[in-house]
There are 2 protein chains.
Amino acid sequence: MFKKVRRILVGKPLKNEALQDQKMGVLWGLPILSSDAISSVAYAGQEVLMVLIPAVGMLAFRQLSYISIAIICLLMILMLSYRQVIDSYPNGGGAYVVAKENLGILAGVTAGAALSVDYVMTVAVSISSGVEQFTTAFKGFKPYSVVIAVAMVILLMIGNLRGIRESSRVFGIPAYAFIIGMVVMIAAGFAKVAGGYVPPPAADMPDVVKPLTLMLVLTAFSNGCAAVTGVEAVSNAVPNFKNPSTKYAKRVLFLLSMVILVLFGGSSIIANIYHVNPSHGNAMLVMIAGEIFHNTKFDFMFYYITATTFIILVLAANTAYSGFPMLISIMAKDGYAPRQLSMRGDRLSYDNGIILLSVLASVLMVVFKADVSKLIGLYAIGVFISFTLSQTGMFIKWKRSKEKGWKHKAIINGTGAIVSGIVVIIIAFTKFREGAWLVVILIPILILLIFKVKKHYEAVMRQLRLKPEEIANFDINKAVYRNRVIVPIESINRSSLRALRYARTISDNITAFSVVIDEADAKKIKEKYKALNMDIPIVVKYSPFRKVVDPMLKFIESAEYDYQNGDMITVILPQFAVKKWWHRFLHNNTRYYVEKELLKHKHIVVSVMPLQLRDDDFVLNSRKYD
Amino acid sequence: MFKKVRRILVGKPLKNEALQDQKMGVLWGLPILSSDAISSVAYAGQEVLMVLIPAVGMLAFRQLSYISIAIICLLMILMLSYRQVIDSYPNGGGAYVVAKENLGILAGVTAGAALSVDYVMTVAVSISSGVEQFTTAFKGFKPYSVVIAVAMVILLMIGNLRGIRESSRVFGIPAYAFIIGMVVMIAAGFAKVAGGYVPPPAADMPDVVKPLTLMLVLTAFSNGCAAVTGVEAVSNAVPNFKNPSTKYAKRVLFLLSMVILVLFGGSSIIANIYHVNPSHGNAMLVMIAGEIFHNTKFDFMFYYITATTFIILVLAANTAYSGFPMLISIMAKDGYAPRQLSMRGDRLSYDNGIILLSVLASVLMVVFKADVSKLIGLYAIGVFISFTLSQTGMFIKWKRSKEKGWKHKAIINGTGAIVSGIVVIIIAFTKFREGAWLVVILIPILILLIFKVKKHYEAVMRQLRLKPEEIANFDINKAVYRNRVIVPIESINRSSLRALRYARTISDNITAFSVVIDEADAKKIKEKYKALNMDIPIVVKYSPFRKVVDPMLKFIESAEYDYQNGDMITVILPQFAVKKWWHRFLHNNTRYYVEKELLKHKHIVVSVMPLQLRDDDFVLNSRKYD
């Protein structure tokens, strides 16, 4: 039943070969890789204002300009740094790889842990912000924000389990649509003011104005840093570009930075002119669009901006759906995460990773009520930790290689590392109470867990590995095990005879074993057994409620059974295979318990023998085996 | 881990012999068997008033007196009827047994289904009413009613899993405490009025008075019928009495009826005098106690009444915890319920039945917000259906036996049956919309399910049963199966060699089977396998993601494998046994999936071979088996 539902939702399995994708150039590379980065325009500026306005009122808009300039500088530094990552890692230079290779495994694992946290946050923040855009335009849906947000995550999960490819061109179109819409809106905003329009004074501005403290500015800056998250996406995706891939990748990275510059800078200036006052459930971009386009013949542009912003935010979340499972699968292949996460599902997607990401993001959204302002406290710190580690790794790489021009390159990456590091400290400091503490605690715990996982896998590998001489000297015919069989018998019926017959084919040392609750019971089974006239001995033991495991283990250890080193005891358990799913609840299923308990003993093999039952009046449908 | 928690909560397992209990006489029999019946005094009268007051105001109190008289007559008829059940069924005459024996299996199963529903309702109604008493005295807890109610059920569940015995004398004391308290309160109530006290006019009485319709009276009567539920408990428990058990049982039944008469009748008259206006969250008994004892030097009596009422209601729920699992286990032994429900747990209690009852009652309380008025619509109908069937069964029994004085006896049970039947119709009619429809639908569905279960068990039994000639002609040495082995190999390691060695001890016809994803993979495994220098052939198949089940089944069906009728194929699967619980998540656990899929085929036996892994730097701790 579950299988059918799964098939309908997720689709038919795909073959291995379907993995190959079309490679991308600049035209499609830009929109496909940019959604995470450009979508942050929808919340970064707004969250800066939401920190500043309640404290300093109208003064906030000027501060927004300054902070925007600082963030754009940060963006340029990162852009230059990542150009060099692209050159050095044409096979994709994620922070995990770069840090692991150059700084060692601890740094790599730290970057991996930080990035994992970041991906989860990307989903939570982007979807929450997307829902906020939507409910700003359609206020009636505001009470259902959390439900809508979780529903979006479920849709993304299903889509990704079906194996939608991030690199599919269809995802490029909304990015262009958003960029064009934003550029139009910014231009129209300037034009309207130039045409003599005087924006109304901002609503709900606080009367009391507090002093503008450094702490306040840094807190606002921390929120704004969300704008540059996503620039690393290009360097991760170099192998997806056409040849010469590094050239195309660098070009896309440059263009992406320019787009962010224009959109983030432009929307900051427009916000300054139209001084809107965003709040939870009132998204800045949608408010600006309303200001500019409402009551004009371009009213449709208001819905266009709302729609494209919503879609680009959903797509941004979708990038995490390819990033997170991929990262986790690389770490799992290295033994740093549960192995199941490295396996592709039916549709060639990393199913377990996709489900894990959806669950974590949903939990966050429910806990934080899909409130972007609350979630943003946890965001960005993970990204900047991975930026710092990746850039530090690059710096060390240049220093070690001492190749031509290394000093120049080292300075760029070194600057990137220092600046990112400073941002980490600023965010950790200003946002500590708003949630960054959670991330600060979570990442070390994750690192610890990751190393525990690795330790386990290494121990297992050591235990399974064969020495060359063990292979050379292997002799299958050397008798190592003595094979003995125990057949538990509840009553003398078709099933138990079948088990005894099978036992006879695998061993000459068989014991039938029965557990009874009283004398009468014992006598009955012994008599019936005797009637079968076999040379296989039966052992009958007493136990309340016919519990079989303990008496059997006791019997095996007893002198009566004469267990010897090297004896491998096969216990044959019948399994009733029923036709209807609910019939399963009608059988004890003690088989599972007995099997689990017996398998704790290294000298016991459990053989499960299926017996197919029908509900109609037939004899066994496997007559030939009776 | 789960095991440890279980041990702490539920306690150590008990031996079979602990089942014997002390037999009871009248002194302890009365309180122990009465809690269900007498506790209904706490809600039956109140729910009569809650139907009448909103419609007819002060007139309700007079109607309460009439209805009480009718219910007391009903009680007397039932008492006389059940005296005869006690005489006829000294081994315990539950409705299921009486109806099955005299009216046939359909009636028996119907009674069983009705009683099961009733037991669940007893828990839900008693606990909800208990919590209501408590929150009437301590209003601050009212918002947490549902939480407290569910917590109480969980406590009862744990207590019963530990195996508390309903017949433990400790449960007799609160019943006496409650009876004494009630008698004192009723007496004090009369004395206070006789002393010149004039009770204040009832609060919140409606001004508009509607006409007193028959429908209204019958609805109120239906609610009041809850007062007589529980009288059948004595007839179920005859074997628990000292000899002569039927004599003691009849004496207890008589005393019990008298107690209900005094408490129910008395509290109705007192309610009439003090005209309290109960509502959800304002329990009548506690309000009366407040009226009588508040602002007197007997104020402690208010808390005494609250506490003993609360405790007696919890104990009433507890009677369902012995009744329900016992009933279900009897039905399960007859094959009318899943067999697991017939098995006693570690502590000699019917664990599965106890858990099932707790879950169902909790769901009801959550859905109906622990509101007695809403739950009572579902109550009583089940009880009266079983009364009707049981009394009809007795009537038929007398008619058939024609023993001395049968006519007299038949008249008594016949009257019981007719009266109970009328009550069923009244409840179903008046309470249909308030929830009785649920029971009316549920019981036939339950009956259908029960017969489906029986049908399945019978089919299974027919398939397992051996004919005498099959036993006589059985020859274990007649070769029926040809034994072949397949050893799936993921890579050449210690675990796969161990599986191959074991395979060699059980068969001479072995095939190693490996699934690879590409040519390189295939070459690697073939080379490694060759180095082992064995005479066992290896078969290598391609499959995306190394999925093993489908390729293996295909291989078995292929000409290459040459499968013959009578071949029994043993597939050996290694199972990693890990030391720490969380390590389980680090292994694929595909074993479970593979096992499940393979066991769908009647000619495949799955042998699971455990391999114990350690987390420290050891080789296998079972060196002797390598």
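The values are calculated or read from the model by the stated rules, or taken from the named source; none is laboratory data. Worth saying up front: this structure is predicted, and the values here are computed from it rather than measured. Positions of Cβ are generated from backbone atoms using ideal geometry, with glycine treated the same way; all protein chains shown enter the neighbour counts.
Here B:Gly92 meets each of (1) of a type in the set (Gly, Ala, Ser); (2) in contact with a helix residue (DSSP H, G or I) (Cβ under 6 Å, 6 or more places away or on another chain); (3) surrounded by 21 or more Cβ atoms within 10 Å (Cβ to Cβ) with one exception, condition (3).
Please enumerate the residues belonging to the stretch B:62-77 that are surrounded by 22 or more Cβ atoms within 10 Å (Cβ to Cβ) and in contact with a Gly (Cβ under 8 Å, 6 or more places away or on another chain). Of everything in the stretch B:62-77, those that are surrounded by 22 or more Cβ atoms within 10 Å (Cβ to Cβ) and in contact with a Gly (Cβ under 8 Å, 6 or more places away or on another chain) turn out to be B:Leu64, B:Ile67, B:Ser68, B:Ile71.
Checking the condition part of a helix (DSSP H, G or I) and either within 18 Å of B:Gln391 (Cβ to Cβ) or in contact with a His (Cβ under 9 Å, 6 or more places away or on another chain) (or both), which residue from B:Met79, B:Met121, B:Met157, B:Met152 passes? Outline the logic, then answer.
Values: B:Met121 fails: either within 18 Å of B:Gln391 (Cβ to Cβ) or in contact with a His (Cβ under 9 Å, 6 or more places away or on another chain) (or both); B:Met157 fails: either within 18 Å of B:Gln391 (Cβ to Cβ) or in contact with a His (Cβ under 9 Å, 6 or more places away or on another chain) (or both); B:Met152 fails: either within 18 Å of B:Gln391 (Cβ to Cβ) or in contact with a His (Cβ under 9 Å, 6 or more places away or on another chain) (or both).
Being part of a helix (DSSP H, G or I) and either within 18 Å of B:Gln391 (Cβ to Cβ) or in contact with a His (Cβ under 9 Å, 6 or more places away or on another chain) (or both) holds for just one of B:Met79, B:Met121, B:Met157, B:Met152, which is B:Met79.
Scanning the stretch B:272-319 for residues that are β-branched (Val, Ile, Thr), closer than 30 Å to B:Val117 by Cα and either not in a helix (DSSP H, G or I) or not assigned by TED's automatic domain parsing to the domain that holds B:Lys192 (or both) yields a count of 0.
Of all the residues in the stretch B:512-569, those that are within 13 Å of chain A (Cβ to nearest Cβ) and of a type in the set (Phe, Trp, Tyr) number 4.
Does the stretch A:501-510 contain at least one residue that is of a type in the set (Phe, Trp, Tyr), closer than 30 Å to B:Tyr350 by Cα, out of contact with any helix residue (DSSP H, G or I) (no Cβ under 7 Å at 6 or more places or on another chain) and at the interface with chain B (Cβ under 10 Å from one of its Cβ atoms)? The answer is no; no qualifying residue exists. Of all residues in the stretch B:79-89, those being surrounded by 23 or more Cβ atoms within 10 Å (Cβ to Cβ), closer than 11 Å to B:Val231 by Cβ and not polar (S, T, N, Q) number 2. Within the stretch B:476-488, if we keep just the residues that are touching a Leu at 6+ places or on another chain (Cβ under 9 Å) and more than 8 Å from chain A (Cβ to nearest Cβ), the residue that is farthest from A:Thr505 (Cα to Cα) turns out to be B:Pro488.
Residues considered: B:Ser496, B:Ser491. Of these, the only one that is within 10 Å of another protein chain (Cβ to nearest Cβ), in contact (Cβ under 8 Å) with a residue 60 or more places away in the chain and under 30 Å from A:Met461 (Cβ atoms) is B:Ser496. Of the residues A:Arg614, A:Arg623, A:Arg591, the single one that is surrounded by fewer than 19 Cβ atoms within 10 Å (Cβ to Cβ), modelled with pLDDT under 70 and more than 8 Å from every other protein chain (Cβ to nearest Cβ) is A:Arg623.
Collect the residues in the stretch B:315-343 that are more than 14 Å from chain A (Cβ to nearest Cβ) and surrounded by fewer than 20 Cβ atoms within 10 Å (Cβ to Cβ), keeping them in residue-number order.
Residues satisfying the conditions are B:Met326, B:Ile330.
Results for (1) more than 16 Å from the chain's Cα centre (by Cα); (2) over 30 Å from A:Asn352 (Cβ atoms), shown as yes or no for each residue.
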residue: A:Ser65; (1), (2): yes, yes
residue: A:Ser81; (1), (2): yes, yes
residue: A:Gly104; (1), (2): yes, no
residue: A:Val120; (1), (2): no, no
residue: A:Ser145; (1), (2): yes, no
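Counted as qualifying within the stretch B:405-515 are the helices (runs of 4 or more DSSP H) with 3 or more residues that are outside the structural domain of B:Tyr563 (by TED's automatic domain parsing) and surrounded by fewer than 22 Cβ atoms within 10 Å (Cβ to Cβ), namely B:406-430, B:437-464, B:468-472.
Within the stretch A:353-361, is there a residue that is touching a Ser or Thr at 6+ places or on another chain (Cβ under 7 Å) and either within 18 Å of A:Gly94 (Cβ to Cβ) or part of a helix (DSSP H, G or I) (or both)?
Taking the stretch A:353-361 as the starting set, the residues that turn out to be touching a Ser or Thr at 6+ places or on another chain (Cβ under 7 Å) are A:353.
Checking which are either within 18 Å of A:Gly94 (Cβ to Cβ) or part of a helix (DSSP H, G or I) (or both) leaves us with A:353.
Looking for residues that are touching a Ser or Thr at 6+ places or on another chain (Cβ under 7 Å) and either within 18 Å of A:Gly94 (Cβ to Cβ) or part of a helix (DSSP H, G or I) (or both), one finds at least one in the stretch A:353-361, hence yes.
Scan the stretch A:541-563 for residues that are surrounded by fewer than 16 Cβ atoms within 10 Å (Cβ to Cβ) and in a helix (DSSP H, G or I) and the total you get is 5.
Quick one: which residue in B:Asn352, B:Asn295 is out of contact with any Cys (no Cβ under 7 Å at 6 or more places or on another chain), away from chain A (no Cβ under 14 Å) and farther than 18 Å from B:Thr135 by Cα? Give the steps one after another, and end with the answer.
Working: B:Asn352 fails: away from chain A (no Cβ under 14 Å).
It is B:Asn295.
Across the stretch A:530-540, the qualifying residues are those that are at pLDDT 90 or above and surrounded by 14 or more Cβ atoms within 10 Å (Cβ to Cβ), and the one among them that is farthest from B:Tyr481 (Cα to Cα) is A:Val540. State whether one or more residues within the stretch A:52-74 are under 30 Å from A:Glu403 (Cα atoms) and of a type outside the set (Asp, Glu). Yes - at least one qualifying residue is present in the stretch A:52-74. Looking at the stretch A:384-394, is at least one residue part of a helix (DSSP H, G or I), within 14 Å of chain B (Cβ to nearest Cβ) and at pLDDT 85 or above? There is no residue in the stretch A:384-394 that is part of a helix (DSSP H, G or I), within 14 Å of chain B (Cβ to nearest Cβ) and at pLDDT 85 or above. Against the conditions (1) of a type in the set (Gly, Ala, Ser); (2) within 20 Å of B:Ala332 (Cβ to Cβ); (3) in contact with a helix residue (DSSP H, G or I) (Cβ under 8 Å, 6 or more places away or on another chain), B:Ala149 satisfies every one except (2). If you go through the stretch B:564-588 and pick out every residue that is in a loop (DSSP other than H, G, I, E, B) and free of Cβ contacts under 8 Å to residues at least 24 places away in the same chain, you end up with 3.
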